[in-house]
Amino acid sequence: MLNISHNSLNKKVDLKKYKSAKAVFDIPYYKKFNKFLLAIAIIGFVILFLPWTQNITGQGQVTTLKLDQRPQSIQSQIPGRIEEWFVQEGDFVKKGDTILRISEVKSEYFDNKLAERTNQQITAKASSVDAYQSKVSALNRQVSALFNEQKLKIEQSKNKLIQAHLKVKSDSIDLEAAKTNIGIAERQFDRVQTLQNEGLKAVKDVEEKRLKLQEAQAKLIAQENKYLASKNDILNAKIELSRINAEYTDKISKAQSDIFTAQSSQFDSEAQVSKLENEYTNYKMRNDLLYVTAPQNGYINKALTGGIGVTFKEGDKLVSIMPSNYDLAVETFVRPIDLPLLHIGDKVRVQFDGWPAIVFSGWPNVSYGTYGAKIVAIENFISENGKYRILLAPDPNAEKWPEAIRIGSGAQTIALLEDVPIWFELWRQINSFPPNYYQPQTALKDKK
């Protein structure tokens, strides 16, 4: 009612006389409601001063702590064709167990005895290397024999040269003697001829002296010829010495050239042997790759390339395997604005998908169904989803994680920061401020 009339009914009629009016006006509902509101206000005011733990929430999934414990796919290092499977999906395999057998698809590897024939080639080439080594040894002995023979021949020629020099000296002495003899014969002839002219000697004596003179002249000429022949012997000895040097130098050089040729052939054969040994090892290892084996103990999850007779390229995924022994971890993602607030070793609460939980983000002590964790790694490069990846490991001082958790299941994380009053947290949320920036005690100590 608007109460715009000057003729008010409540002034003329007393409503308290009526039973229904008494039932309405006499009960003090508003007093109880006011007390309730006052109590709520007092409780709310007190709650504003209660401590609240600032936190950073994130979503991620369960993974493994170590890299070698994560699910992996098995590839083949060579292209091939699937011939036989030895496992089924869900089977447990040990490290080294054969998973499947493949065959070659390249024509150069079709020969089943390729490694054996390569080994025979290695044997033949090794024999060739031994033969060249023997040839080199024989040529070295030949060179040594030539050096010895050259030394002896040179000594022999030098002796002949010395003999020629001595003979020249001897012939020169004989030549001087012949010259002395002819001088004596000339003086005797002149003296006898003078005496014959004076009548003191007979003609016969003159003729004898003339004959001796002519004999002395003939001996002189013969001795000169002998002397010249001796000098010629010296020249011949020198020429022979030079010829011996040239001859044996040529023979030794030819033998050394044959040595170098044999050594070159030997080195070439050794290189071919090394190449064949490399090919032989590659062929043996390639034969081992025809059987795809398990890299570690685990369970066969899924055959990524199934069937018989299917061909594939090197590096194609054939089957996926999950390791049997692993350490659980959680990878979660946080916003870039929250990354400076996280540090290695910080405490985090984790809620797993499928596990009922009652979460009080500001009061972690009263949360139920969450599990303790700590930060073990922080990624330094942003992920594709625009957030930074954080790796969490179970906290050894907190409750044990459920054993039934499977890798890949979802998880929600709550990183716990410093404690602030609730009124401050409400004020921060209303103004969209980030949580207080702080440093853990360990970081402060290291900084000091």
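The values are calculated or read from the model by the stated rules, or taken from the named source; none is laboratory data. Quick caveat, the model's predicted, so the values are computed rather than measured. Glycine gets a Cβ as well: all are built from the backbone with ideal geometry, and neighbour counts include every protein chain shown.
General observations
- Residue check, LEU161 under 60 Å from the mean Cα position of the chain (by Cα) and closer than 23 Å to ASP250 by Cβ: no
- Answer from ASP190, ASP233 - the residue that is at pLDDT 80 or above, among the acidic types (Asp, Glu) and more than 30 Å from GLN142 (Cβ to Cβ): ASP233
- Test for ALA131: is it in the same structural domain as ASN245 (by TED's automatic domain parsing), loosely packed, with under 15 Cβ neighbours inside 10 Å and not polar (S, T, N, Q): yes
- Scanning the range 279-290 for residues that are polar (S, T, N, Q) and either more than 24 Å from ILE82 (Cα to Cα) or in contact with a strand residue (DSSP E or B) (Cβ under 9 Å, 6 or more places away or on another chain) (or both) turns up nothing.
- Test: residue in the range 92-100 that is surrounded by 12 or more Cβ atoms within 10 Å (Cβ to Cβ), in contact with a strand residue (DSSP E or B) (Cβ under 6 Å, 6 or more places away or on another chain), among the polar types (S, T, N, Q) and within 24 Å of ILE390 (Cα to Cα): no
- Where strands (runs of 3 or more DSSP E) fall wholly inside the range 325-437, the ranges with 1 or more residues that are modelled with pLDDT under 85 and more than 40 Å from the chain's Cα centre (by Cα) are 410-421.
- Filtered residue count, the range 222-242, keeping only those that are closer than 13 Å to LYS153 by Cα and either touching a residue at least 12 places away in the same chain (Cβ under 8 Å) or of a type in the set (D, E, K, R) (or both): 4
- One residue from ILE82, ILE99, ILE56, ILE42 being in a strand (DSSP E or B) and more than 35 Å from the chain's Cα centre (by Cα): ILE56
- Any hit, the range 172-179, residues being in the same structural domain as ALA262 (by TED's automatic domain parsing), among the aliphatic types (A, V, I, L, M), over 30 Å from ASP233 (Cα atoms) and in a helix (DSSP H, G or I): no
- For the range 256-303, a residue qualifies if it is within 30 Å of ARG406 (Cα to Cα) and part of a strand (DSSP E or B), and the qualifying residues are VAL292, THR293, GLY298, TYR299, ILE300, ASN301, LYS302, ALA303.
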